[in-house]
Amino acid sequence: MFNEFNDLTNAEHINMDIKIGGGSLYSTAKDLSTFLQLLLKEEILKSTLNELPNFGDINGVPVFTANGRVQGFCHQITHRITQDLTIIILGNHMTSDLAQLER
């Protein structure tokens with residue numbers, strides 16, 4: 001987290017046993033890229049892929065995006081569909097500024 005002086009500080013402690021889905025879950029950029037490729041090829045969630053709210057555009061470029069954060073962890077995934085370009089940013093802090101890095 002960043003404090004009022006814009007210094008990076010330790011995240012507050014949280015008991016990850018109470019987290020559902022994120023607790024004790026870990027991944028790598030390669031794992032996330034593989035999952036994303038399978039998702040976009042409709043090898044998983046084939047019938048409901050178009051219902052996901054993750055499709056949009058950035059500066060007129062169609063994209064698939066996903067992000068999340070919890071104390072001490074964050075991620076941003078953007079796949080530029082027409083360019084077949086995937087950007088995955090993983091962090092060991094909690095911030096909402098990751099999306100600014102990929103633009």
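The values are calculated or read from the model by the stated rules, or taken from the named source; none is laboratory data. Since we're looking at a predicted model, the values are computed, not measured. Every residue, glycine among them, receives a Cβ derived from its backbone with ideal geometry; neighbour counts consider all protein chains shown. Heads up: the accessible areas ignore ligands, DNA and RNA and are worked out on the full protein's heavy atoms, side chains in. Shrake-Rupley method; radii C 1.70, N 1.55, O 1.52, S 1.80 Å.
Miscellaneous remarks
- Within segment 46-67, considering residues that are at pLDDT below 75 and not polar (S, T, N, Q), the one farthest from D7 (Cα to Cα): K46
- Here is the figure for segment 1-44: residues that are modelled with pLDDT under 75, among the aliphatic types (A, V, I, L, M) and either open to solvent by less than 60 Å² (accessible area, probe 1.4 Å) or part of a loop (DSSP other than H, G, I, E, B) (or both) total 6.
- Positions within segment 53-67 being open to solvent by 50 Å² or more (accessible area, probe 1.4 Å) and assigned to a loop (DSSP other than H, G, I, E, B), in sequence order: P53, N59, G60
- Scanning segment 68-98 for residues that are at pLDDT below 65, surrounded by fewer than 14 Cβ atoms within 10 Å (Cβ to Cβ) and over 25 Å from D17 (Cα atoms) yields one hit, D97.
- Among residues of segment 62-81 that are of a type in the set (D, E, K, R), those with a beta-carbon under 6 Å from a residue that is surrounded by 15 or more Cβ atoms within 10 Å (Cβ to Cβ) at least six positions away or on a different chain give the pairs R69/M94; R80/V63.
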